[in-house]
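Scroll down for the structure; my scribbles are underneath it.
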Amino acid sequence: FLSANMKFPSYVHDKGFAQKTPSVYALGALVLWSNTDTDLSLGVEILRSEALNKIAIANDKNAPYGTATKQVLERLNLLEDIKYKLVYGESISQVNQFVKTKAVDIGFTSKSVVMSKMKGVGSWADIDPSLYEPIEQGVVITKRGQQAHPALCERFIQHLLSPSTQSLFAKYGYLTGK
């Protein structure tokens with residue numbers, strides 16, 4: 001079971017649906033993305049611009065990238081200044097849709113999205129990872145998987161954590177620390 005955070009793999013384990021504890025296989029990276037002519041050279045300071053009317057962020061109650069975004073805005077003392085511009089998506093996918101269709105001027109999303117699915121669409125700028133808690137991507141082998149295919153499950157986990165796969169994750173925008 002793979003997840004964009006550790007919350008759900010930990011829940012699976014805590015509820016007894018997995019024997020082994022979950023592992024982190026990659027760290028998500030946060031970016032600012034626009035599909036308009038917005039100049040992102042100012043980084044997050046661009047959010048103060050009067051030229052920007054709508055800024056998309058994911059709901060911080062259920063989306064790991066929304067939680068990270070809120071941390072960035074709070075740490076940079078931007079949240080109060082721009083709260084009237086914020087448009088909330090229920091998920092990072094909805095934020096991506098807002099940005100892609102130009103329903104918003106700019107949005108916070110995962111680097112993996114702008115480096116893969118949305119490559120070449122608009123422009124983006126990295127957000128300093130020290131401004132938010134690591135977005136841990138988690139994996140856990142369920143009891144059902146462990147019982148039905150123990151060797152395959154273990155090989156899959158080893159593959160996810162292998163240097164070659166970690167290199168691919170890095171190529172597509174994840175922070176791996178490896």
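Pairs of lysine residues in the range 90-178 that meet both criteria, 8 or more places apart or on different chains and Cα atoms under 18 Å apart, total 10.
Note on the range 1-105: percent of Cα-Cα distances in each 5 Å bin, starting at 0 and stopping at the bin with the largest distance, equals 2, 11, 20, 21, 17, 10, 8, 6, 4, 1, 0. Shown for the chain: the carbon plus sulfur share of the solvent-accessible area, taken with all protein chains present and a 1.4 angstrom probe, equals 54%.
Taking the Cβ-Cβ separation of LEU161 and LEU76 as r and a Förster radius of 22 Å, what is the calculated FRET efficiency to the nearest 0.05?
0.10
Using the Cβ of PHE8 as centre and a radius below 11 Å, the other residues enclosed give a net charge of +1, where K and R count +1 and D and E count -1. Taking the DSSP bridge list for the chain and keeping only pairs wholly inside it, about 75 percent are antiparallel.
First obtain the Kirkwood hydrodynamic radius of the chain from its Cα pairs, then insert it into the Stokes-Einstein equation at 37 °C and 0.692 mPa s, and state the resulting D in µm² per second as a whole number. List each step's numbers first, then the result.
Values: Rh = 17.2 Å.
Estimated via Stokes-Einstein, D reaches 191 µm²/s.
Accessible surface calculations at 1.4 Å, restricted to protein heavy atoms, place the chain at 54 Å² per residue.
Among the lysines, select those whose C-alpha is under 17 Å from the C-alpha of LYS61, and discard any that sit fewer than 8 residues away in the same chain. Partners within reach: LYS7, LYS70, LYS83.
The values are calculated or read from the model by the stated rules, or taken from the named source; none is laboratory data. If you're wondering where the values come from, they're calculated on a predicted model, not measured in any experiment. All Cβ positions, even for glycine, are placed from backbone atoms using ideal geometry, and neighbour counts span all protein chains on display. Areas reflect the complete protein model, heavy atoms only, side chains present, ligands, DNA and RNA absent. Shrake-Rupley method; radii C 1.70, N 1.55, O 1.52, S 1.80 Å.
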